[in-house]
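Step one of this worksheet: look at the structure below.
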Amino acid sequence: MAKVGMFPLLHLVLLSAFVLNCQCQERKLHIVYMGAKPNEDVSFAPKHHAMLHRVLGSPSLAKDSLVYSYGRKMEGVISVNPNRIYKLHTTRSWDFLNLTTNKLGAPQESDVIIGLLDTGAWPEHPSFNDKNFSAPPAKWKGVCTGTNFTCNNKIIGARYYNSNNFSFEGDIQSPRDSEGHGTHTASTAAGDEVEASFFGLAYGTARGGVPSARIAVYKVCWAFGCSSADILKAFDDAIADGVDIISVSLGSDGPDDYFDDPIAIGSFHAMRNGILTSNSAGNSGPYPVTVSNYAPWTLTVAASTIDRKFAARMELGNGQIFTGITINSFDLNGTSYPLIWGGDAANYTIGSSPDIARYCLPGAMNAGIVAGKIVFCEALWDGSGILLANGVGIIMADILVENPDFAFSWPLPATLISAEDGKKVLEYIRSSDNPIATIFVSDAWKDAMAPVVVSFSSRGPSPITPDILKPDITAPGVDILAGWSPISPPSVYYDDARSTLFNIISGTSMSCPHASGAAGFVKAVHPNWSPAAVKSALMTTAYVMDPRKHKDLEFAYGSGQINPVAARNPGLVFDASETDYINFLCKQGYNTTTLQLVTGDNSTCTDTTPGRAWDLNYPSFSLYVEDGQTIMGTFTRTVTNVGAANSNYAASLYMPAWINVAVEPSVLTFSTIGETKTFTVNVTGPAIWQQPIISGAITWTDETNVYVVRTPIVVYNYIPGAPYNLDSDESYSSFSRAQKKPTFSHSTVYHKSGIMGQSKAHPHPGFFN
């Protein structure tokens with residue numbers, strides 16, 4: 001069971017009777033009411049207050065317990081849920097994806113509206129300048145709410161939600177962003193072109209994927225997290241407002257079933273209204289079965305590297321030079337300072353010792369010794385222990401952090417070197433009468449290995465529906481330069497008082513808006529395409545990732561890295577409708593009651609036999625097999641021709657020889673655009689035990705070689721629900737994460753993302769992806 005704040009999971013279905021068996025004095029509830037038509041101006045609050053009054057016996061308690069009422073299509077109340085807390089998952093990147101400025105500029109791009117559920121935005125940011133922008137598209141029905149926030153023709157709408165009526169110091173009760181995360185994601189997806197750098201690093205032009213697109217801000221996340229009630233209400237508003245794409249860089253610690261997941265429910269209703277939701281996959285990698293936001297009607301985005309990384313050199317007094325993957329913008333001008341080991345500067349007065357001070361924890365250091373020196377520390381930390389003791393800089397080495405593939409920034413000159421190099425630094429300190437060192441500003445290195453899925457990116461398979469391959473795709477999410485809130489700390493240290501309009505951060509939160517921007521780029525020229533068609537175009541045209549660099553193969557990168565330009569002209573698409581997804585849920589064992597928790601209408605599952613999800617028209621193929629079973633599965637797919645009117649596509653296969661894959665028919669002939677063809681894929685093989693992922697692909701190519709439509713196939717051993725169905729309180733994955741992630745005394749965007757561990761001061765599940 002997922003952790004949901006301080007309360008156990010409650011899900012209650014109400015059609016005519018209303019029964020609530022819980023201590024509602026301790027809960028905030030959000031009610032899903034079925035009875036409104038789309039955009040109908042109806043207030044359900046009085047009816048819901050009356051229902052709660054009858055159950056709770058107190059009119060004041062009923063009023064205090066109701067958070068939001070949501071309009072749906074079916075009469076009656078469909079569900080009551082406790083309000084839960086979710087987490088946010090945190091420009092060279094667009095050029096790396098070959099979406100260069102010369103490929104932009106289609107007039108329809110300014111009609112695309114990307115809605116972002118996040119921490120808000122900083123409206124005066126140069127990335128959101130509306131110079132040369134016309135009035136918002138006529139389809140836009142949204143509003144700009146709250147004080148201290150002004151919209152323009154770039155940010156055309158803004159709303160904020162705080163159903164908990166709770167905030168931390170620094171939170172702003174408006175759509176204004178005090179965290180930085182929302183400004184970063186919005187400017188990544190659709191920010192205007194602007195000169196940018198992080199205190200001089202990575203200087204150049206930053207922009208979003210579709211700089212002329214419009215932005216709609218839905219602030220659902222605060223310093224304490226993102227509540228489920230606010231998320232669902234924001235989806236409701238974004239749909240009614242008229243957005244084209246919804247970008248959601250947040251998720252739960254899960255796994256949650258679809259009917260318990262506000263993102264899955266909200267994105268289902270977005271899909272019904274022609275809106276694709278792009279989601280971050282989560283930052284719990286590299287452990288398996290950690291992917292979040294796995295509903296098949298959404299686009300689940302992993303994070304991978306771009307061809308630039310940041311490295312900071314340090315030099316010892318004896319001339320030895322070591323390099324660490326670090327974002328260091330502080331310039332010591334080559335000046336060397338005394339170098340000490342942290343363990344030699346213990347603050348004995350407060351009970352510290354060399355064994356404690358070696359880690360350079362705040363308060364554990366003797367300021368009289370540390371002041372004016374560079375300190376070598378044996379742990380990855382936020383630098384505050386040395387900063388507060390008036391140290392000049394910090395050199396870190398941590399045996400648990402080997403070969404980092406993403407960088408952090410710090411509040412003082414810093415670098416993070418390998419544990420092996422750390423031993424050499426300590427040997428120099430011990431052997432020298434006057435050890436000295438300096439730390440240089442970071443250099444930007446060319447990373448010839450890119451793209452590679454980053455270690456923290458959550459991996460598949462899906463914990464709920466392993467017949468659906470997740471994640472769907474990967475996009476740049478490492479060391480991404482984009483906009484930032486000037487009142488949010490720019491480094492891992494919560495009290496870093498520096499202010500910047502741009503920051504370099506990592507996370508699937510950063511990859512998600514890349515996919516959102518790419519989806520907007522496709523939607524601009526295909527405004528009538530369904531969400532499934534846009535998603536299919538992005539998946540089947542993706543750059544193929546190098547399997548030699550990824551032992552977990554498609555569980556890391558899905559179909560590959562997004563290729564926005566190719567996605568505009570995919571040739572064939574795998575389309576799917578609301579009816580297809582309803583049939584999928586019914587085959588997953590949903591009954592009419594649980595189905596309606598997702599659909600919000602009168603849909604039923606009376607005529608569907610539960611079974612595997614092999615016939616959902618998905619642009620990939622996933623076949624799990626329990627230990628000792630033979631490999632056997634038959635998939636049915638239908639493709640729609642969106643390329644040349646008269647065309648023939650031939651199938652080619654790649655799969656290890658001991659697995660047989662048959663495609664029937666192996667040639668598809670089309671005579672018109674919009675024509676559909678159906679084919680089957682039969683996968684067979686021997687019995688397998690303890691077999692990790694095996695993968696291949698089916699590729700459809702037309703006779704001109706203009707269109708190449710690739711769909712991955714994966715086969716693997718798995719028990720559905722593992723490891724979350726183990727007889728223990730924690731899965732193996734969460735245990736591993738707990739053992740290998742440090743905790744910090746304060747919480748910044750870096751810690752909330754889960755990349756650097758959870759805050760001790762704020763023991764909520766976190767919220768950043």
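The values are calculated or read from the model by the stated rules, or taken from the named source; none is laboratory data. Predicted model, so just to flag it, every value in this text is computed and none were measured. Quick reminder, even Gly has a Cβ in these numbers, built from the backbone with ideal geometry, and neighbours come from all protein chains shown. The area values use the complete protein model at the heavy-atom level, side chains included, leaving out ligands, DNA and RNA. Shrake-Rupley method; radii C 1.70, N 1.55, O 1.52, S 1.80 Å.
The alpha-carbon of K470 sits under 17 angstrom from the alpha-carbons of these aspartates and glutamates, leaving out residues fewer than 8 places away in its chain: D253, D256, D257, D261, D552, E554, D615.
Averaging the sequence gap over all C-alpha pairs within less than 8 Å and six or more residues apart, then dividing by the number of residues, gives the range 423-502 a relative contact order of 15 percent. For the pair A662 and N98 in one chain, pulling the backbone fully straight at 0.36 nm per residue adds 199.6 nm over the alpha carbon distance. Ordering 460-467, 123-130, 511-518, 364-371 by mean Cβ neighbour count within 10 Å, with the highest value first, yields 511-518, 460-467, 123-130, 364-371.
The charge dipole of the range 262-378, taken about the Cα centre with unit charges on the Cβ atoms of Lys, Arg (+1) and Asp, Glu (-1), comes to about 360 debye, rounded to the nearest 20.
Give the shape of the range 309-439 as rounded, prolate or oblate, defined through the alpha-carbon gyration tensor: a ≥ b ≥ c are the square roots of its eigenvalues, a/c under 1.5 means rounded, and otherwise the shape is prolate if a/b is larger than b/c and oblate if not. Judged from the Cα gyration tensor, the range 309-439 comes out rounded (a/c under 1.5). Taking label positions 7 Å along the Cα-Cβ direction at both S455 and D495, the computed distance is 3.0 nm, reported to one decimal. At a probe radius of 1.4 angstrom, the accessible area of the range 237-381 per residue rounds to 27 square angstrom. Here the gap between E124 and M632, fully extended at 0.36 nm per residue and compared with their Cα-Cα distance, gives a gain of 177.2 nm. Per residue, the range 616-726 exposes 43 Å² of accessible surface when a 1.4 Å probe is rolled over the protein heavy atoms with every protein chain present.
Give me the distance between the Cα centres of the range 459-516 and the range 183-208, rounded to whole Å. First find each Cα centre; the distance between them is then 14 Å.
From the alpha carbon centroid of the range 576-593 to that of the range 326-397 is 57 Å.
Relative contact order, whole percent, for the range 661-727 stands at 25, derived from Cα pairs under 8 Å and 6 or more residues apart. Take every DSSP beta bridge whose two residues both sit in the range 168-306; close to 45 percent of them are antiparallel. For the range 427-471, backbone nitrogen atoms closer than 16 Å to the point 7 Å from K551 Cα along Cα-to-C-beta are found at 453-457, 459-461. Grab the other residues whose beta carbon is less than 12 angstrom from that of A234, score K and R as +1, D and E as -1, and report the net. Net charge in that neighbourhood comes out at -2. Expressed as a whole percent, the accessible surface of the range 306-399 that belongs to carbon and sulfur atoms is 52, based on a 1.4 Å probe. The separation of the range 426-449 from the range 256-276, counted between C-alpha centres, amounts to 50 Å.
Take every DSSP beta bridge whose two residues both sit in the range 93-221; close to 25 percent of them are antiparallel. Calculated FRET efficiency, E703 to V525, Cβ-Cβ distance, R0 = 25 Å: about 0.55 to the nearest 0.05. Close amide H pairs (under 5 Å, H built 1.01 Å from N) link I394 with V375, A414, T415, residues at least 5 positions away or on another chain.
Whenever you get a sec, compute what percent of the accessible area on the range 161-298 sits on carbon and sulfur atoms (1.4 Å probe). C and S fraction of accessible area: 48 percent.
A Förster radius of 22 Å combined with the Cβ-Cβ distance from I321 to Y348 puts the calculated FRET efficiency at roughly 0.05. Amide H contacts for L572 (H built 1.01 Å from N in the peptide plane; partners 5 or more residues away or on another chain; cut-off under 5 Å): V642. If the chain linking S652 and I487 were pulled fully straight, counting 0.36 nm for each residue of separation and taking away their Cα-Cα distance, it would gain 54.0 nm.
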